1. Between the alpha-carbon centers of region 198-221 and region 1-60, tell me the distance in whole angstrom.
2. Where nothing but the Cβ of Lys and Arg (+1) and of Asp and Glu (-1) is charged, how large is the charge dipole of region 3-233 around its Cα centre, in debye to the nearest 20?
3. Show the residues, 5+ positions off or on another chain, whose built amide H is closer than 5 Å to the amide H of V167.
4. Setting aside same-chain residues fewer than 8 positions from K6, which aspartates and glutamates have a Cα under 12 Å from its Cα?
5. Give the residue from Q102, F349, T365 lying farthest towards the positive end of the charge dipole for the chain; charges sit on Cβ (+1 for Lys and Arg, -1 for Asp and Glu) and the dipole is referred to the Cα centre.
6. Can you give the charge dipole size of region 271-386 about its Cα centre, rounded to the nearest 20 debye, using +1 on the beta carbon of Lys and Arg and -1 on the beta carbon of Asp and Glu?
7. Give me the angle, in degrees from 0 to 90, between the Cα long axis of helix 18-27 and the longest principal axis of the Cα atoms of the chain, rounded to the nearest 10.
8. Taking the 0 to 90 degree range and rounding to the nearest ten, how far is the long axis of helix 146-158 tilted relative to the main principal axis of the chain, both from C-alpha atoms?
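None of the figures in this text is laboratory data; all of them are computed from the coordinates on show. Quick caveat: nothing in here was measured; it's all calculated off a predicted structure. Cβ atoms come from the backbone with ideal geometry, glycine included; neighbour counts cover every protein chain shown.
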Amino acid sequence: MAIAFKNIEKHYAVYARPQDRLWEWVTGRQRHRVHVALAGIDFEVRPGETFGLIGENGAGKSTLLKIAAGTIRPTRGEVMRQGRVAALLELGAGFHPEESGQDNIRFMAALHGLEGEALEDFAARATEFSELSAETLQRPVKTYSSGMFMRLAFAAATAIEPEVLIVDEALSVGDLHFQKKSLNRILELRGRGATVLFCSHNLYQVRSLCQRAAWIHGGRIEAIGHTEDVVTAYEAHERRRYAHLRTDAPDAAVAPTQTAAAPPAHASVPVKIMRVGIETADGINPAQVDSFQDLTLEIEVESYGDAPFHVGFAIVRPDKDNVFGSSTQFLGSRPPMRGVGQHRVRVRFPRLPLLSGEYLWSVYTLDDSGLQVLDMAELIQPFTVLNQKHREFGLVWLEHEWLQVQ
Ligand SMILES: Nc1ncnc2c1ncn2[C@@H]1O[C@H](COP(=O)(O)OP(=O)(O)OP(=O)(O)O)[C@@H](O)[C@H]1O
């Protein structure tokens with residue numbers, strides 16, 4: 001094992017008012033209630049494995065990562081670690097706000113027991129990876145933006161060549177360039193045999209990166225095992241949780257639109273989805289498509305840089321179940337797309353095998369690893385499929401032969 005959790009429990013004392021803590025201390029009478037953040041956590045992360053933690057907000061993922069990293073202690077149970085551990089927890093943890101970036105890097109190195117040449121080497125590698133200017137590195141870290149902070153934290157955490165890397169949602173912070181660089185660094189460490197334990201709300205990323213995963217729900221393990229099984233179970237739970245919202249506001253999920261949803265305004269999107277459309281013999285973007293009609297999906301994207309990228313799509317049902325998805329990444333030997341300017345992807349579905357029902361599209365642009373989503377337009381372009389010519393029913397037509405009818 002690389003990390004073993006043995007029957008972990010974590011309780012937090014919760015005070016209704018801040019002064020209750022003082023009163024409790026003065027009077028010796030309990031004035032808090034106990035919040036059980038984790039209970040019955042008992043599993044191992046194997047050496048060389050990339051293990052994902054998923055779950056709703058407040059489920060206990062970060063608490064478990066902090067216990068794994070040793071920054072907080074469990075109330076009961078114990079955690080065992082093997083190898084050099086680096087942790088990237090909430091922003092700011094482990095840093096001295098008044099000290100400069102440079103001094104914080106050195107402090108980190110000292111924490112790992114490095115001195116002399118090894119310390120200088122660590123500092124040089126962390127500084128280079130952070131891409132922060134000399135001027136920035138001389139400033140107290142309390143003046144850093146969250147992106148700068150992330151760069152420093154990631155650079156310092158991974159400069160020791162960790163054997164075990166614990167990461168809390170880090171990949172969602174910072175600019176896209178650094179997110180990608182961090183992701184590559186994680187992949188590189190993983191390639192060298194490092195164990196990675198991380199939590200993420202990005203299920204796509206968990207699916208792509210992790211061999212196994214655990215779904216934490218209300219502080220307990222709801223499911224653990226192969227990533228696909230665990231993520232699918234979690235998605236089903238999420239669908240049930242949001243089902244009532246969709247019936248309350250059905251239009252929100254299926255708003256008809258000819259163009260892709262605008263990308264998040266705060267992100268600089270390197271490859272933006274500009275248009276998504278379908279074409280059949282009946283014309284462009286018909287609201288209704290017949291089963292077994294030829295259908296062509298057309299996606300237009302615009303790339304603002306020269307970085308290679310992929311385009312992916314999925315046919316989705318209104319309850320968010322994916323019927324079929326694919327990506328240019330799956331085209332085998334073909335290299336990723338690249339080049340500044342407009343690009344177009346056309347996918348033909350000969351004799352569309354969907355049967356009657358409502359369907360939508362989700363479209364993505366992804367980096368060349370296929371792991372980082374650059375832009376997405378989900379649940380757009382609703383269309384109705386009508387199966388008028390055949391009596392078979394269901395979601396899709398499955399090729400079949402009646403071998404015997406006696
Ligand atoms: N220091 C603390 N004192 C009291 N309660 C805490 C403390 N830290 C966490 N909690 C509570 O413990 C529970 C688990 O929190 P945690 O941050 O581990 O959840 P999470 O799964 O990481 O959530 P998110 O996805 O929102 O980051 C929550 O109910 C949270 O409010």
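1. Value for the Cα centre distance between the two parts: 18 Å.
2. Result for region 3-233 is approximately 760 debye, rounded to the nearest 20.
3. Hits under the 5 Å cutoff: L88, L197, F198, C199.
4. D42, E44, E78
5. Farthest along the dipole direction, towards plus: Q102.
6. Here region 271-386 has a charge dipole of around 240 debye.
7. Result, in degrees: 40.
8. 70 degrees
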